[in-house]
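S.K.: Dropping the structure in here first, questions after.
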Amino acid sequence: MSSSPFEAAASPGGRVVIPAPAVTPPPFPSEVREPLLTPRISSYRSQSMQPPSSWEAGTHMVKSILGVALLALPRVFSMLGIGAGSICLAAVALLAYASLHALAKASARTGVMNMSVLAREELGVTGQAVLDMALIFNCFGMLVVYLVVIGDMLVGSPGEPGILTQDCGSRRVVLAVVAVVLLAPLVSSTSTCARRGSGGGVLCLAPNGTWWIGPEDGGRAARWAGASALGVAAILLWAAVSLILFIIAANNGALSHMHWWPKGHALIGHGFKSAVELTSLLSIMLVAYTCHWTLQHSVRMQSASSVRERQAQGVSAGAIAASTATFLLISICSYGVFGNATSADVINNYSVETLSKLLIPELAQAGFFGIRLGVLIALLLSFPLHASGREGMRVMAPLRTSLWQLVFRQPLQGPGLYLVTYVTLGAAWLAAAHLSDIWSVLILIGSTAGVLISLILPGLLSVGMEETLTETRGSKIRRQGGGLVLILFGIGIGAAGILHLAMYAGKTPHF
């Protein structure tokens, strides 16, 4: 009799074979929140689990791209012209896709599905710290821009009325009410969930990066997909209205004169200044496409196991293509309707006075309220996504997670989550109450945090990625060359934006 806990059996050849012990899968009751996946790849996956489809994952990503920077793109087109604006937008879209491709490849090779952790493992602690600071600056700045735009729609901007009357209070008071009554509850969510199959329950991502299965929660599972779909629908409805106004203006002969290229005669004698100003506009376009921390989140919700490179490429390519088409439609149509008077926040151009030139008074009044309410709803529907999961979908989640980890070097959970959420929201309200223009803020964000997140850090990942056994020499050269291109574009756009703010901010451009 063997003293081993396993029975030994002799094979015909005389060798002793010790059979492996039977492994019993751990119980997984649906009523208990058990960790399903760690931030790395897990080997377990419930057979009844049916995460969102590619369409739903793509919708999440489209909504994260169709953010508040969209409102400044019509003015960019009014300055660059239709031809130059379209070419520049397409170039930035290709850069965004290339950087997302680099992130997807790095995540697929390492199994790391968190952008901050990926930066630490591939670029070291310094790389992670730089990324965390860039995320903090980007997300806080965008939160301020969101509040400024909400203030423009509700209270109005200088010379333009808002939805509310002056009896409702000052801009500061209205934004405080919005932050406390509407935004604070929306950004207090602590997990994001996706539907399961016939087995019931929901698949959820908690703030600590773990997945768990829990019971249905009154439709919580559908909230995330529904918020994305409704937000995208609101933006598409605005795009349709812009196209209708463009057609009406063209039929009535009221279409503004649109140029295709920057005015050449105005550039003569101002070469350096014009080059800086033109290149700085790319930073605003870059902000519109900065959604890189949402890629792994969206694809992981779909696969529920890891980021698959081909899957991520499909989701990102579809989302960028759909968003670019929307950008082009709204930007060109708004430029045609409003001409050189296009505002940095194009919503301010949709006044009753301007719309009355194209529509009957009743429709002009309805359009004034309808467009503002539609865009406002799209912005507000984004905030639940902003607070979802560890990476989140756009602003609040990466802001509070990066800030907490950078300061305390530990996971964000418990009372600290609510503390950092409400403190950052209060700071954003204080900044937005004293700002009335989003133009310089967007250039500042794009030329600093934007180029780091969207171009330079993905480029460094692509250049420094370890070679695999199946990677050919040509593939390695293309990967590293593409990474260098991302880094060079990031440095150029960042330098132009900073020079513009330092030397030419507030001055009339020469084109």
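Laboratory data are not the source of any read-out in this text; all were calculated from the coordinates shown. Treat the numbers as computed from the prediction; the structure is a model and nothing was measured. We place every Cβ from the backbone using ideal geometry, glycine too, and count neighbours over all the protein chains shown.
S.K.: Show me, for the stretch 121-137, the HN-Hα J-couplings you get by feeding each phi into the Karplus relation (A = 6.51, B = -1.76, C = 1.60, θ = phi - 60°), rounded to Hz, glycine and proline as x.
M.R.: Those phi angles translate into 6, 9, 10, x, 5, 5, x, 5, 5, 4, 5, 4, 5, 5, 5, 4, 5 Hz.
S.K.: Let me ask another. So if I restrict to the alpha-carbon atoms in the stretch 426-509, what is the Rg, and what is Dmax, the biggest pairwise distance, in Å?
M.R.: Gyration radius and largest Cα-Cα distance of the stretch 426-509: 18.0, 56 Å.
S.K.: Okay, next question. Please list 3J(HN,Hα) in residue order for the stretch 446-457, calculated via the Karplus relation 6.51 cos²θ - 1.76 cosθ + 1.60 where θ = phi - 60°; whole Hz, with x for glycine and proline.
M.R.: x, 7, 10, 5, x, 5, 5, 6, 8, 10, 5, 5
S.K.: Mind ordering 288-295, 142-149 by average Cβ neighbours within 10 Å, highest first?
M.R.: Ranking the peptides 288-295, 142-149 by packing returns 288-295, 142-149.
S.K.: Shifting gears a bit: Sorted by packing (mean other beta-carbon atoms within 10 Å per residue), highest first, where do 453-460, 318-325 land?
M.R.: 453-460, 318-325
S.K.: Once phi is turned into θ = phi - 60°, what whole-Hz ³J(HN,Hα) does the Karplus curve with 6.51, -1.76 and 1.60 give for every residue of the stretch 353-365, x standing for Gly and Pro?
M.R.: Per residue, the Karplus-derived 3J(HN,Hα) values read 4, 5, 5, 5, 6, 10, 10, 5, x, 5, 5, 5, 5 Hz.
S.K.: Net charge near GLY271, counting Lys/Arg +1 and Asp/Glu -1 over other residues with Cβ under 15 Å of its Cβ?
M.R.: Once all neighbours under 15 Å are counted, the net charge is +1.
S.K.: Let me ask you something else. Within the set of other residues whose C-beta is less than 11 Å from the C-beta of VAL148, count the net charge using Lys and Arg as +1 and Asp and Glu as -1.
M.R.: -2
S.K.: Highest first, please rank the peptides 414-424, 95-105 by the mean number of other Cβ atoms sitting within 10 Å of their residues.
M.R.: 95-105, 414-424
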